[in-house]
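Take a look at the structure set out below.
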Amino acid sequence: MTSLTKKGPSGWIVILGTIIVSALVIMTAIAPWIAPHDPAKTRVGPIREPPSPQFPMGTTHLGQDMLSRILCGGSIMLQVSTLSVLVCFLIGVPLGLFSSYVGGVFDRACSLVIDAVYAFPGLVIAIAISAMLGRGVVNMALSIAVVYIPSYFRVVRSQVLSIKELTYVEAARGIGAKWYTILFRYVFPNVIPSIVVVATINFADAILTAAGLTFIGLGVEIHIPDWGRDLTSGWQYLSSGAWWIIAFPGIMIILLALGFTLIGEGLSELLNPKLQR
Amino acid sequence: MEKIELSIIVLVLIGIIVSSATMIYVTTVVSNLSTLTDDVSTLTESVGNLTSTISDLALIMSEGFAEYAEKLAALTARLAAIEAGLAAKETLIVGTTDSVELTLDPAQAYDYFGWCILQQIGGTLVSVEPGSPTGADFLPDLAVNWSSNEDLDIWDFNLREGVTFSDGTEFNATHVKYSFDRAIALIPSIPEGAPAGLGYDAIINRTEVLGTYKVRFHLKISFSPFLGILASRSSTIVNPQYAPMAQVNYTAGDPRASTPVAFAGPYVLSKWNRVAGRDVEIKLDANPNYWDLASGYPRMEYIIFRFYSDAATLRLAIEAGDVDMAFRHITPTDVVDLEDNPNVKVWWGAGAFIQYFCFQTKRAPFNDTRVRIAVTAALNRTAVCETVFLGLSDPLYSIIPPGMLGHTEAFQKLGDANYTLTTTLLAQAGYDATNKLKFDLWYESSGHYPMSAEQALIYKEALEGSGVIEVTLKSADWAGYKKNRDDEIMDAYVYGWYPDYVDPDDYAFLYWASWIHTNYYNATQEALYDQARATTNTTLREELYAQIDEIAVQQCSVVPLYVSSAWAVTTPPIYGIYLDITQDMRYWLIYK
Amino acid sequence: MPLLEVGSLTIDYPTSRGAIRAVEDISFSLKKGETLGLAGESGSGKSTLGLSIIRLVPYPGVIVKGHIKIDETDILKLPEDEMRFIRGRKAAYIFQDPMTSLNPVKRIGAHFIELIRTHEPNTGKEEAFERTKTVVKNLGILSERINDYPHQFSGGMRQRIMIGLAIALNPDLVIADEPTTALDVIVQAKILDLLESLRKVYGMALILISHDLSIILERCDKIIIMYAGHMLEYATSIEMHRNPKHPYTQGLLQSIPNIELSDQKLVAIPGSPPDMLNPPKGCRFWPRCSYAKKICRVKEPPLIKVGRNHFVRCFLYGKKGVHVERNRKS
Amino acid sequence: MGLRSYIITRILLTIPTLLLLLSMVFLIMRVLPGDPVALHFEKKATPEQMESMRRALGLDKPLWTQYIEYLGGLVDIGYILEHGYPNLGKSMQTFEEVGGQIFSAFPATLELAFYSMIIASVIGILLGVISSKSYNSILDHLIRGVGTVTYAVPIFFLGIVFQLIFGVYLRWLPTGLRINPVVDPPATITGLYTIDSLLQGNLFKFFESLKALLLPSLTLGIILSGMFVRMTRTNMLETLRLDFVTAAKARGLKESTVTYGYALRNAFLPILTMMGLQFAILLGGAILTETTFSWPGLGRYIVDRINFRDYTAIQGAVVVFGLFVTLVSLVVDILYAYLDPRIRL
C-alpha cells in the first residue's frame, strides 16, 4: 500500500478504488446486523414516503425501508460479479494460454469464435443466455461470463504470443522443459498483471451488466433486496416523482462500479509503460 | 484552454441555449397546433393555415424585430381560430399503451385491444347494454329481437333491415350464417383464435337461414349464456367480400385492413400502421352507413389512438393535455395521484379480471386438502389490494366477480390471514413451527399479469406470518411459466382470468379446468355447472353457482384472490364513458 | 552585442520522488554568425538546454532560474503569443530523428507553406508555394516532390527537409540537436556540409548539439562540455582540442578514434553517468574521475578561468589546483 | 493489395463470423425452455391443435432442416428484390414477416446510434484533447474523473435521471418515443425522422423529433463519451510527445494548428479504430436506452420478443445487429485507409 502511494496519482487512484470497494463489501457484510428493518418486509412505513427522520432514505412503493434495502442490496451484485469474474478467469485464461501456446488450427478456431463473440453487442448475448438459464445469481453470473471471456482470452493470447518468443522462454524450451512447465512457470506470471487489469474492469462491467439484466426483467427474485431491482421498480413510478427510490440505489451501483473502475484504471496506468514519464 | 476549444464550447452552449429557446418558443406557439394536424384530407384548411403559418414564421425570421410581436399576436389568434374550428369537428384523441396483438379478424383476434377496435368497427347480433351491472342485459344490434326454445338449444333471430356494410353491401341473414360457418371452419387452422377459445365448435351445431332477415342457430348443448357469446367480438358479422372462407385477414399491411369497408359498426378503420409488430397509428372515422346514425351515433367524427409504450409517459401526456383520454394502462399509483389533479377527471368502473391461487393437488404437500385449506386461510387478500393495488382492486371470495350472477362471499369463511385455522389444520397434517410446511410459490415475471412479483412478495409474507409455513418464491417468464404449468412442476402458482363473455358460465369452471393443471376434478361441481348452463332461471342459476363455491371452499383447489377495477382518465369536458363489467370502451357513445 | 545570452540557467524536472536538476547554472553567449558546440553523453542535459533556448523544455521541466536573451529580449518573460514569433523566425530547431519529425499526414510542401504563412500572414498561397519551391531546390530535392508525403522520403532527404524548414524564414539562430545521429555515416557528412554551407550563405549562428565530440571539434567555433547538467568546460574548439583541462574532456578526446594514428589506444571513461535523482555530492564527475580527491566528494568545484575564453569546473586547477599532464599523444 | 481487393477480403472474412453468430443464436434459442407453440394458447389447447400449429410454423421438421431453410431464406435474392429486405422467416408470435418488422424498427436504432455517436465523439474528443494538453493539471484530473464516473454509471440510470429532471420536473422534453404521439410522424423516406422531416421541409416535425431524440442520444452519447475521452487522452498524450509535435512547436506554428492539425490528426487514426470497436458497445447500450425511452428500435424489439420465445424474430435481429457492426467496422477500416496516407492504396 505504501509503495502504491509513491507511484503518484495512479497509486492513489488504486487506493481510492480499493477503499470504496472494501467499504461497500464491509457494509454489505454487516448489513443484516445494522439494518433498522427487514429489507424485504413490506409496509414497515407508509407507501412511497419521501426521506424523513424515521425513514432517512424514504420507503418503496411497497412501504419497505429504503435505507435497509440500500444497506443489504449490494450482495447480489457482489456475488454475481465475483462469480462471473471467477468463471471468466478459470475459462478465459487457461483457454487463452493453451490456445495461443499450441497455435495452429485449434488456435485459429478458438480465435474465430472468440472474435465473433467479442465483436458483438455483449448485452444481446447476455440477455439471450440469461433468458435461457432462468433467474438466479449463478445463471446471471454465467451469462455475463460468456460475454467477458473473450476479453481475457484476447489479452492472454496477445501477451503469450509476444512472451513466447522471448529469449528466456526459448532457453527454457532449449533445456527441454515440459510445455506445461513453460506455460505456467514462465509465461503465466508475465500475463498476470494484464489479467488483473482486465479482471477489475470485468468486475465493474459485470456489475453494470447485472444491473442492465435486472432492468430488462431478468434479475433475481423479488424477496431478495437488490439495488438493480429497486432502481428498476422505482423507474416504473417515475412519473409520480419518487426520486428517492431511483436515486439511492443508482448512486450505490455507480459507487460500486466506480470503485472497481478506479482500481482498474489506476493499475492499467501503473502497468502501461507508454504513459510513464 | 485553447481559443478554438473555448469557441467550440461557447458555440455548443449557444447552440443549446438557442435551440432550447427555439424549442420552447415553437412548442408554446405550435403545441396547440399539434392536436390538429392529423388528417390532411379532411383538414385541408388547417393545413393551408399551417403552411402559411410556417411561411409567416420564415418571414418573421427574415424581418426586423419590431414587427415580431405584432406578427406573433396575429399568429396566436390564427392558431386559436384553427383550434376552435377543429374542436367543432369532433376528434377524440385517445392515449394508450395497448397494441393490437396480431389481427382484427374476428376469427382470430383474441386480445383486449384487438377486440376493442373490432367493437368500434364491427357489428354483432346483440350487444350488452352500456352500464349493465351484471353484463346480462342485452340490446338489439344487428338483430332486432330473438327467442329460444325451452331446451335453450335452438335460437331464432330477426335481423335489422336496411343495414349496409360500410362499403354499401346490404346486410342479410346469409352474412350471419357465413360469419359463424367461417369462424368454426377456421378453428383447426387457427386454434389460438377466439372462436376456438370460446369453443364455438362445441356449442354451435349449425346456422340456418330462415329468410332474408331471419336466422336460426342449432346448438349442440343447452346453453343459456348464448347471447353473451353472440355479443362477444368473435361473433362480429363479417363482409364475405373481405373475409374469404379459408383465410385469415385484417392484419396490418393487408390493404383490406386499411380500407374502411369491412364491417358494419359505428366506425370504419381508416388508418392502421405498425412498426416491429406494434401499433403506431390507428384512426377511426365515423361510418357514413351506420344503421343508428339517426340516433346520433357515433357522436365523435374521428377517434385517433396515440400509442405510448409505458404508463409513465401516458400519464405525463394526459397531464399535459396532449390526449383527451388515457385508457389502459395508467398504473394504480399514477391514477391515485391523478385523482388529486383538478385538470383531469378519473372515471371508475367495475373490473372483470381476476387472479387466483392454484395448488398442484397431485402430490405432497397439496394432495392433502387440510394443507390447502390451511394455506388458503393464511392468505391475506386485503394486504395485496391495499399495498400493491392501493385499494384499486377488491378482495375476491368467489371465483365469480361481484356484480355478476352467482357471486358469493364463500371464501370469507376461511378468512384472511386466519392463522388460528392455519396452525390448527397444519398441526393435524403434521406441520408446526419447527417442522414448517415448505413449498415453492411461483409467479409470472414478464409482466403478463399486473404486479405479479409484488403480489407474490405479499403472499409470501402473509403465509410466513403464520409461523408454520416457509415459502420459496420462484418465477418464470410467460413462456416458461406456461411450460411449467403444463409440466406440473409448480407447487403453488398464481394465475389470472380475463372473461370472454360476461357470464358466470365463463368463470365457475375455473375451479376444475383441466388446462390449469391442478389435477383437481369434481364431478358434482361439473354437474352443477352443466345444470346452470341449461337454464335461464336466474334464481336457480344463482343457487347452483353458490353450491359450486361451497364445494370449492371445502376443496381449495383454486382460490380466488382479487378482482381488478377499471379506470379511465380524461381531460374534461368529455362525457359518455361507461366503464361497466364488460370492460368494453364504447367510443361511439363518447362526446365532448 | 551578443545574439544569444544565457545566464545562470537552471532547469528542474519535478517528479513524485523529488526534482531532477537537468541543467544547473549554465551561462554562455553567442554572437551573430558564430557556431557553438554542446557536447556530452546522453542525459547530460544538452538537449534540455537546447530546447530551453526556444522555451520548449519538455514536460514537466521548468526553468527555475536564470535568463535567456535573444537580441537583448529575455524570452523567458515573453507571453506565449510573442514567443511563437521567436520560434521559427528568429531561432529554428532541427531535431535528431528526421523520421519522426515531420507530420506523417501532411505533404512536404504543406509544411513549408504553413510555416511561411503562419509567420508572414500577408504572403499569398502562390507566393508561399514559389518560395517553398526555391527552398526545396536549394536543399537538393526535386521541386515536384513537394506534393509527396514524408513517408515517401529517405531519412537523409527528410533531414534535408527539416533543415529547409529551419532556414526557410532565414532565422538568426539555428539549433541542431544531433542532426545526423539517426542517419547513415555517408549521409551524415553531406547533411553537415549542407547545414554549414547554408549557414554561411544566410549568415546564421548555429548551436550544434552532439554526443560526438569529433564532429563538434571539426565544425564549431566554441565548445561547451556538459556532464549531468553541469558545464564542465568551455573553450574555443582549437583550445579544447589542443589543451583540454577537465579529466572528463580528456577522457572524451581519448575515446575519439583517429585514422591517422595507427597505434592509437582508445580509452573509455570508466563507470556510467550518475543517477540524476541522487546526484553525487560535490563534483558530479568524481565517482568516475581517476584524479578525485577528498574535496571533490564534498564541495562543488567553481568555474575557473584557465585561459582566454577557457573555463573549467575542477579542483585540479586554480589556487589549489595541480596541473595535469596531457595524456593525449597527438 | 489494392483497396478494392482489401475491402472484398474484409467482407469475405466477416461471413464466417456472421455464420458462427447465427448458428450460436440459432442453437441458444432452440434450447430455451418454453414451447413457442404453447405460448399461443392462452387457455386450453388439444395436442392436435398444438401439432397443427407446429406444422404451420415449420417446427415439426428436424433442427438442421430448419437451419438450412433459415440460411437459404437469408440469401434468397428474389425475395429481397421483391420485399426490399431479406427473408428472415415469419415471427412465431405475430406471424408477420420478421424482415419487415426489423426493417421498420431499424431506422429508429440507426438514428439513435448516429446521434449518440456524434455526441460521444464531440464530447469525448474535445475533452480528451483538453485533458491531454493540460496533462496532470486540475482540469485534466477533473475531466478524467468525469470520464471515469460516466464509465461506472448504468446507462439506464442516467436515462432515468434525465427523464426525471427534464421530463417529469421541468417538462421540457418527452420521456419516450421517437416523436410526440400527438404528431403524425413524417412520411418515410429514409426512416430517420429528423432527416425525413427536413427533406419535407417540415420544421415543426423536425423540432418535435429532435426533442424526442435529445434525451436518449444524450444518455447514450454521454456514457460512451467517457470511453472516448480516455481513448483520446491516451492517444493524444502519446502523440503529443512525438517529435513532429515538438518540431511543429519549434517552428512557431499556432498552438491550435499543432494540437488539432498535427497531434489530433495523427492521434485520430487509432481513435477511429477504437471507435469502430466501441460500436458494438454502443449497440449494447442502445438496447437499454431504447428500453428506458420506449424507443421503438431493434433493441426494444429484441427485449419484447425474448419473453415470447420468438426465435425467428430474435435471430433476425441478431443477424441485423451483426451486419450493422460488420458494416461499421468495414467503413472504419476504409476511412482509416483513406485518412492515413501511409497506407493509401
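A short reminder: the numbers here are calculations on the coordinates, not readings from a lab. What you see is a predicted model; the values in this text were computed from it and never measured. No Cβ is skipped: glycine too gets one built from the backbone with ideal geometry, and neighbour counts run over all protein chains shown.
I'd like the mean, over residues of B:279-289, of how many other protein chain beta carbons sit within 10 Å of each residue's own Cβ.
Details: counts 0, 8, 3, 0, 1, 0, 0, 0, 0, 0, 0.
That works out to 1 on average.
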Long-range HN-HN contacts of C:LEU56 with modeled amide H, under 5 Å = none
Around B:LEU426: net Lys/Arg minus Asp/Glu count, Cβ-Cβ under 14 Å | 0
Simple label model, 7 Å out from Cα along Cβ direction - D:TYR67 to A:ALA171, nm = 5.0
Based on the Kirkwood radius over alpha-carbon pairs, what value in µm²/s does the Stokes-Einstein equation return for the translational diffusion coefficient of region B:492-551 at 37 °C and 0.692 mPa s?
-> 267
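Can you check what the net charge comes to around B:VAL144, using other residues whose Cβ is under 13 Å from the Cβ of B:VAL144 (Lys, Arg +1; Asp, Glu -1)?
Residues near B:VAL144 contribute -2 overall.
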Per residue, the convex hull volume that the Cα atoms of region C:100-169 enclose (Å³) | 77
Signed unit charges on C-beta, dipole axis of the protein assembly as shown, positive-most listed residue B:THR96, A:GLN159, B:SER564 | A:GLN159
Cα→Cβ-extended label distance, 7 Å offset, between B:ASN149 and B:LYS413, nm = 3.9
Read phi for every residue in region C:10-21 and hand back ³J(HN,Hα) as whole Hz from Karplus 6.51 cos²θ - 1.76 cosθ + 1.60, θ = phi - 60°, with x for Gly and Pro.
-> 10, 10, 10, 10, x, 10, 5, 9, x, 8, 9, 8
Pair-distance profile P(r), taking every C-alpha pair of chain D, with 20 angstrom steps and integer % = 25, 51, 22, 3, 0
Could you list the trypsin sites (Lys or Arg not before Pro) in region A:167-235 that lie in coil according to DSSP, counting only those with at most 16 other Cβ atoms within 10 Å of their Cβ?
-> A:LYS178
Roughly how many nanometres apart are two label points built 7 Å out from the Cα toward the Cβ at C:ARG17 and C:ASN122?
-> 5.6
Here the FRET efficiency for B:THR535 versus B:ALA427, based on Cβ atoms and R0 = 45 Å and rounded to 0.05, is 0.55
For chain C, with only Lys/Arg (+1) and Asp/Glu (-1) charged at the beta-carbon, what is the dipole magnitude about the Cα centre, in debye rounded to 20?
-> 1120
For B:ALA566, residues with placed amide H under 5 Å, excluding near neighbours = B:GLY349, B:ALA350, B:GLY351
A student applying the Cα gyration tensor rule (rounded when a/c is under 1.5; otherwise prolate if a/b is larger than b/c, oblate if not) would label region A:97-216 prolate
Please give the helix A:137-164 orientation as an angle from the longest Cα principal axis of chain A, in degrees from 0 to 90, rounded to the nearest 10.
-> 30
Is there a simple number for the mean count of other chain Cβ atoms within 10 Å of the Cβ of residues in C:96-105, and what is it?
-> 6
Please name whichever of C:TYR291, C:ILE94, C:TYR59 sits farthest to the positive end of the charge dipole of chain C, dipole taken about the Cα centre and charges placed at Cβ: Lys and Arg +1, Asp and Glu -1.
-> C:TYR291
Output ordering of A:141-152, C:182-193 (per-residue mean of other Cβ within 10 Å, highest first) is A:141-152, C:182-193
Could you give the DSSP H helices of chain D that reach 24 angstrom or more along their long axis (alpha carbon positions) and whose average Kyte-Doolittle hydropathy is no lower than -0.5?
-> D:3-31, D:98-133, D:203-240, D:265-292, D:311-339
Among D:PRO270, D:GLY145, D:PHE324, which residue has its Cα positioned farthest towards the positive end of the charge dipole of region D:99-339, with +1 placed on the Cβ of Lys and Arg, -1 on the Cβ of Asp and Glu, and the dipole taken about the Cα centre?
-> D:GLY145
Kirkwood estimate for region A:167-227, i.e. one over the average of 1/r between Cα atoms, Å = 15.0
Listed peptides B:483-496, B:446-459 by packing density, highest first (mean Cβ within 10 Å) | B:446-459, B:483-496
Relative packing of peptides C:210-220, B:94-104 - highest average C-beta neighbours within 10 Å first = B:94-104, C:210-220
So for chain A, Kirkwood radius off the Cα pairs, Stokes-Einstein at 4 °C and 1.567 mPa s: how many µm² s⁻¹?
-> 63
Cα centre as origin, Lys/Arg/Asp/Glu Cβ charges: the protein assembly as shown dipole, Debye = 10180
At 10 °C in a medium of viscosity 1.306 mPa s, chain C has a Stokes-Einstein diffusion coefficient, with Rh taken as the Kirkwood radius over alpha carbon pairs, in µm² per second, of 75
Work out Dmax and Rg for the protein assembly as shown from the C-alpha atoms and quote the Rg first, both in angstrom.
-> 41.5, 144
Cleavage-rule hits (chymotrypsin sites (Phe, Trp or Tyr not before Pro)) in region B:498-551: DSSP loop, at most 15 neighbouring Cβ within 10 angstrom = B:TYR521
Could you give me the ³J(HN,Hα) list for region B:582-590, computed from phi with Karplus coefficients 6.51, -1.76, 1.60 and θ = phi - 60°, whole Hz, x at Gly and Pro?
-> 5, 6, 7, 9, 9, 5, 6, 8, 7
Shielding of D:13-20 by partner chains, average beta-carbon count, 10 Å | 3
